[in-house]
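All remarks here apply to the structure that follows.
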Amino acid sequence: MQLKPGSRWKSAVCDTEVVVVRPPKCDVVLECGGAPMVAKDAPVPEGLELSADLAGGTSVGKRYFSDAIGIEVLGSKAGKGSLSANGVPLALKEAKALPASD
């Protein structure tokens with residue numbers, strides 16, 4: 001799938017929704033809960049179920065990334081599924097520590 005900055009995607013197996021912050025340089029399959037995600041305004045395919053192995057959850061307002069693939073997404077709606085791209089789990093991006101001001 002062709003991911004573009006600002007594009008919105010939703011899970012086919014849970015309530016998770018994301019916004020692409022940094023797209024990869026090549027085509028990848030963005031997945032949630034073991035199933036490919038679909039464009040926010042597209043219909044959800046029927047018959048798909050949340051994989052128990054990929055049910056770690058996604059949080060709203062958190063960024064998920066993979067440096068190996070070069071992708072970063074922002075959770076816009078929380079859900080039960082875990083995010084992955086081409087089968088590679090996306091990691092939670094930690095906030096950068098601000099310098100101390102004394």
Query raised in the report: What pairs from Lys40/Lys96; Lys40/Lys77; Lys25/Lys77; Lys10/Lys62; Lys40/Lys62; Lys10/Lys80 go past 23 Å between their alpha carbons?
Result: Lys40/Lys96; Lys25/Lys77
Query - Positive-end residue of Ala97, Cys26, Gly47, charge dipole of the chain with Cβ unit charges - result: Ala97
Query raised in the report: Amide H to amide H, which residues 5 or more places from Val60 or on other chains are under 5 Å from it, using H placed in the peptide plane?
Result: Ala78
Query raised in the report: Using unit Cβ charges (K, R positive; D, E negative) and no other charged atoms, how large, in debye to the nearest 20, is the dipole of the chain about its Cα centre?
Result: 320
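Bear in mind these aren't lab numbers, they're just calculated from the coordinates by the rules spelled out. Everything numeric in this text was worked out from a predicted model, so none of it was measured. We place every Cβ from the backbone using ideal geometry, glycine too, and count neighbours over all the protein chains shown.
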